[in-house]
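Student: Okay, handing you the structure first.
The values are calculated or read from the model by the stated rules, or taken from the named source; none is laboratory data. Small disclaimer: the values here were computed from a predicted structure and weren't measured. Using ideal geometry, Cβ is built from the backbone for each residue, glycine included, and neighbour counts are taken over all protein chains shown. Remember, those area values only see protein heavy atoms, side chains included, never the ligands or the DNA or RNA. Shrake-Rupley method; radii C 1.70, N 1.55, O 1.52, S 1.80 Å.
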Amino acid sequence: MNDSLRSIATIMKDINSVLIYPHINMDGDALGSCSALCLALRSLGKKAYVMISEPVPKNLDFLECGCTTTDDSVIEDVELSLMLDCNSSNRIVGREAAFERGRLKGCIDHHAVGVTDIKFDFFRSEPKSAATGEIIYQLIRNLGVEINLDIANCLFAAITTDTGNFQHNNTTKRSHDIVGHFYQVAGFDSKAISALIYDRQSKEALMMEGKILSALEFHADGKVAVGAVTQALLTECHCTMDEAEGMIQRIMSIDGVEVGALFKETTDNIRVSLRGKYYANVAAVATVFGGGGHIKAAGCTFNTPLATAKEQLIPELVKAVKK
Ligand SMILES: [Mn+2]
């Protein structure tokens, strides 16, 4: 099932209330896409909110736009539950029951579809789109809503973050064409939005970055770089995990590194972000450990101590860089 945006727009025009769900550990694409669509639906006179269950990362606070709520009863008898930038219930943990209460359930995403456990009434998957924000841009146009400044800012944030500021190989002409349209919106200032996202790092976070970088491990003649953020390090540096968000990009900026891995020790498991540069398929590596994602950006989770997780994953990363 892959419904057209035109048919999805037709469904959405007919309903009056929508709760929109970003994935856990929300990023710029998840929250930016949700808020942009929420604003567009409100402009059509519909009741719409973005349902979240965790604090919004500090550098994304401007994307809330008065749309976010943690109260799943904010709309009584909601007509549509819509999941964006993810496609299964384990990506909306804590909010699954609320999601199920929607009379209709929909999903719009650009991730490869794994085993989805939800019976959606409509589903749109575009793995070639660099960001869910690109799909939401098209949907908003299909809804006949003018792109205003707030919507442009949200969608720009979605696209710049998911393309690694237009550096990742998922970036296409379409990514640039869409952003090109935002420049026609009065008041649009890409530099100002970029500064909000990328230039508000605390000095504590920068110090932590230094510690993570100086402790990097290299394997396979420097083709594999492995970093770790532990709870002890977060405590020592007075940082939170979301402040290590950009670390994997820093690791990938090293000359000669083909695969990067960042191990993130949470209070109950080890989450690993994986990136490939030119040829390595990190989605395949993630799949070995029950994870998934894109060929050049993927992730997986370990329920073991950090040392064990490293022992298991590193040999697979070394295999992935062998041509
Ligand atoms: Mn995304």
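Student: Could you work out how far the C-alpha centroid of region 1-41 sits from that of region 199-236, in angstrom?
Tutor: 35 Å
Student: If you put +1 on each Lys and Arg Cβ and -1 on each Asp and Glu Cβ, how big is the dipole of region 23-177 around its Cα centre, in Debye rounded to 20?
Tutor: 360 debye
Student: For the chain, what does the alpha-carbon gyration tensor say about shape, rounded, prolate or oblate, given a ≥ b ≥ c as the root eigenvalues, a/c under 1.5 as rounded, and a/b over b/c as prolate?
Tutor: Prolate, because a/c is 1.5 or more and a/b exceeds b/c.
Student: Suppose only helical runs count, i.e. DSSP H with n ≥ 4. What mean residue ellipticity at 222 nm does that imply for the chain under -39500 (n - 2.57) per run, divided by all residues and rounded to the nearest 500 deg cm²/dmol? The partial results should precede the final answer.
Tutor: On the way: 12 runs with 121 residues, N = 323.
Calculated from helices alone, the mean residue ellipticity at 222 nm is -11000 deg cm²/dmol.
Student: If you take every residue apart from Thr171 with its C-beta less than 12 Å away from the C-beta of Thr171, what net charge results, scoring Lys and Arg +1 and Asp and Glu -1?
Tutor: Result for the local shell: +1.
Student: Provide the net charge surrounding Ala36, with neighbours chosen by a C-beta distance below 13 Å and charges set as Lys +1, Arg +1, Asp -1, Glu -1.
Tutor: That sum, taken over residues with Cβ under 13 Å, equals -4.
Student: Given a 1.4 Å probe and heavy atoms of the protein chains only, how would you sort Glu265, Glu311, Glu236, largest accessible area at the top?
Tutor: Glu311, Glu236, Glu265
Student: So, by mean Cβ neighbours within 10 angstrom, what's the order for 69-77, 19-27, 98-106 with the highest one leading?
Tutor: 19-27, 98-106, 69-77
Student: Under the classification rounded if a/c is under 1.5, otherwise prolate if a/b is larger than b/c and oblate if not, where does region 82-200 fall, given a ≥ b ≥ c as square roots of the Cα gyration tensor eigenvalues?
Tutor: Taking the square roots of the gyration eigenvalues as a ≥ b ≥ c, region 82-200 is prolate.
Student: Quick one: how many lysine pairs in region 1-139 have C-alpha atoms under 28 angstrom apart, if they're 8 or more apart or on different chains?
Tutor: Taking the Cα cut-off of 28 Å, the pair count is 13.
Student: Rank Phe120, Asn90, Ile295 by how far each Cα sits towards the positive end of the charge dipole of the chain (+1 on Lys, Arg Cβ; -1 on Asp, Glu Cβ) and give me just the farthest.
Tutor: Ile295
Student: Now a separate question. In debye, nearest 20, what is the charge dipole magnitude of the chain about its Cα centre with +1 on Lys and Arg Cβ and -1 on Asp and Glu Cβ, if you could check?
Tutor: Numbers: 32 positive and 40 negative charges, 179 e Å.
Approximately 860 debye in magnitude.
Student: In the chain, if the dipole is taken from +1 on Lys/Arg beta carbons and -1 on Asp/Glu beta carbons about the Cα centre, which of Val229, Gly246, Pro315 is farthest to the positive end?
Tutor: It is Pro315, whose Cα lies furthest towards the positive end.
Student: Please give me the summed charge of the neighbours of Leu143: other residues whose Cβ is under 13 Å from its Cβ, Lys and Arg +1, Asp and Glu -1.
Tutor: Local charge sum for Leu143: +3.
Student: List every DSSP H helix in the chain whose Cα atoms extend 18 Å or more along the helix's own long axis and whose mean Kyte-Doolittle hydropathy is at least 1.0. Write down the numbers at each step before the final one.
Tutor: Working: long enough: 28-43 (22 Å, 0.90); 149-162 (20 Å, 1.10); 306-320 (21 Å, 0.33).
Sorted by number, the helices that extend far enough and score high enough are 149-162.
Student: Tell me the Rg and the Dmax, in Å, that the Cα atoms of region 229-323 produce.
Tutor: Computed over the Cα atoms of region 229-323, radius of gyration and Dmax are 13.0, 41 Å.
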